[in-house]
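Written out below as structure tokens is the structure these notes cover.
The values are calculated or read from the model by the stated rules, or taken from the named source; none is laboratory data. All values derive from a computational prediction rather than experimental measurement. Cβ coordinates were reconstructed from backbone atoms using ideal geometry, including for glycine residues, and neighbour counts include every protein chain displayed. What goes into the accessible areas is simple: the full protein's heavy atoms, side chains included, and nothing from ligands, DNA or RNA. Shrake-Rupley method; radii C 1.70, N 1.55, O 1.52, S 1.80 Å.
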Amino acid sequence: MAWLKAHLKTLFNNKKPKNPPKPKRLTREEKGKARALGDTEYPPSSTGSSASSSAVTDSDLLPILHYTELNLVPQILTQFPAFYLVGHPLPAPPLPQAKQLLTLPDDVKRTLVHPGKSTVRGYNSAKSSGREWWDYAPEDGGTRLTIDDEGFKGATKEYFEQSIALLQRICGEFNTTSAVEGEGETEGEGGEKKIVVPQDIIDHVGFSTMRYLRYSPVIFDENKENASGTTAVAAIATTTSNEDVKAVGSSSRASSKSTGSSKSSSIQKDTPVSTKENGYTLPRMEAHTDHGVLTLMTATEPSGLYVWDRNGKIFSAPPIDNTVLIIAGDLMTHFTAAEGKSPLEGEQAVDEKTVLPTVHAVVIPKGAGERYSVAVFLRPKKDLVVSRRAMKKDGKDEVDEMTFGRWAQEKGDIKGRRCWMLGQEKLSGGEDI
Ligand SMILES: O=C(O)CCC(=O)C(=O)O
Ligand SMILES: [Fe+2]
């Protein structure tokens with residue numbers, strides 16, 4: 001797994017685009033107005049050429065993009081870890097359906113567990129995190145592991161299909177057509193099409209799924225929770241602050257490193273490990289990156305979603321009416337790596353057009369109640385080659401082909417799957433991997 005370690009170290013080591021477009025400076029009021037109106041000038045559409053050695057963005061808000069401006073997405077995802085999309089054609093988000101399914105009696109929910117115990121199909125729970133979820137997959141029209149309710153099934157299928165179509169459209173924006181020499185990249189006719197995101201992803205649903213999630217204090221399993229007192233879990237707090245979010249990041253780092261590591265005891269000692277000493281733990285999802293191409297999210301209040309940018313800066317990502325939030329998954333980094341490079345080669349594969357996967361976490365403030373969310377994951381077929389890496393084997397030049405299935409498998413094999421975390425190393429103040 002040495003390549004992965006090297007890769008993570010370089011990718012997430014405060015790497016910035018070499019020549020990022022400079023965000024336009026707006027006052028707080030202007031920003032708020034731009035957000036409320038879905039102002040097309042925010043974020044700026046210009047591709048300023050002045051080099052900046054400061055942060056990728058000086059804004060503390062995530063951009064809101066209008067559906068008619070999807071062509072800006074490739075640039076925006078190098079500047080921001082996420083964006084809201086307004087003016088999209090999606091139907092109402094199936095949050096009532098999420099609540100409908102996830103508040104069924106436990107014995108009914110148990111019948112929706114995948115026979116092979118898949119965590120990306122049917123019903124699952126992580127009781128010690130105060131979280132449960134149900135995954136819809138389009139196989140057999142999504143009729144397996146679901147409930148017998150036509151309204152539920154219709155709304156679920158519809159939202160999934162339309163969201164996937166939207167994410168595929170966004171992928172198409174990464175594939176530009178270049179005009180005649182000297183004119184740069186344009187939408188001009190007759191030019192050469194540059195494929196960044198494989199066409200197969202744009203044409204096929206692949207291994208895409210949709211998830212309904214519920215975060216609630218009532219999900220905690222009192223008997224299991226921290227029985228040993230050593231399990232690394234999220235911090236305890238009476239309010240949610242950046243500190244709490246950082247703790248969600250650092251504690252999951254401890255859990256990933258502690259398993260199978262000879263350093264586990266010292267790491268656990270040095271890491272904020274919460275127990276029930278204050279009588280409460282927060283419903284949460286630890287910091288992670290999604291391993292697909294793009295993820296579309298929508299949620300109820302209370303807010304609780306946070307995203308990290310490539311410098312470790314945290315953005316709150318509360319739900320905004322009529323918008324969806326879109327973030328990048330690991331495969332975006334494979335596809336947008338520097339020309340001819342695989343991200344598995346590390347730093348040299350990251351250039352100004354490289355989109356890094358969005359680190360995100362959820363933590364629900366104490367007393368805030370329940371949160372429901374919907375996440376649609378655009379993922380390719382498992383055998384799709386996502387990047388190629390030139391390497392020497394027994395003195396011979398070889399090309400190592402990374403498929404999506406292998407990527408997901410190798411990432412999953414790292415305990416806790418917390419490996420692709422940009423912010424986490426910085427936030428936890430810990431040593432490099
Ligand atoms: O609940 C959310 O908003 C995020 C869920 C998520 O990140 C995931 O399921 O991968
Ligand atoms: Fe996620």
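Which percent of the accessible heavy-atom area of segment 284-396 goes to carbon and sulfur, probe 1.4 angstrom?
Of all accessible area on segment 284-396, carbon and sulfur atoms account for 48 percent.
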Simple spin-label estimate for Y67/S178, 7 Å along Cα→Cβ, in nm, reads 3.3
Rounded to 0.05, the calculated FRET efficiency for the beta carbons of E347 and K392 at R₀ = 22 Å is 0.65
T143 and T103 label points (each 7 Å along its Cα→Cβ direction) are spaced in nm at 3.0
With a ≥ b ≥ c from the Cα gyration tensor eigenvalues, square-rooted, and the rule rounded for a/c under 1.5, otherwise prolate when a/b > b/c and oblate otherwise, segment 287-332 is oblate
Taking 153-165, 322-334 and ranking on average Cβ neighbours within 10 Å, highest first, one gets 322-334, 153-165
Mean accessible area per residue over segment 107-177 (1.4 angstrom probe, all protein chains present, square angstrom) is 43
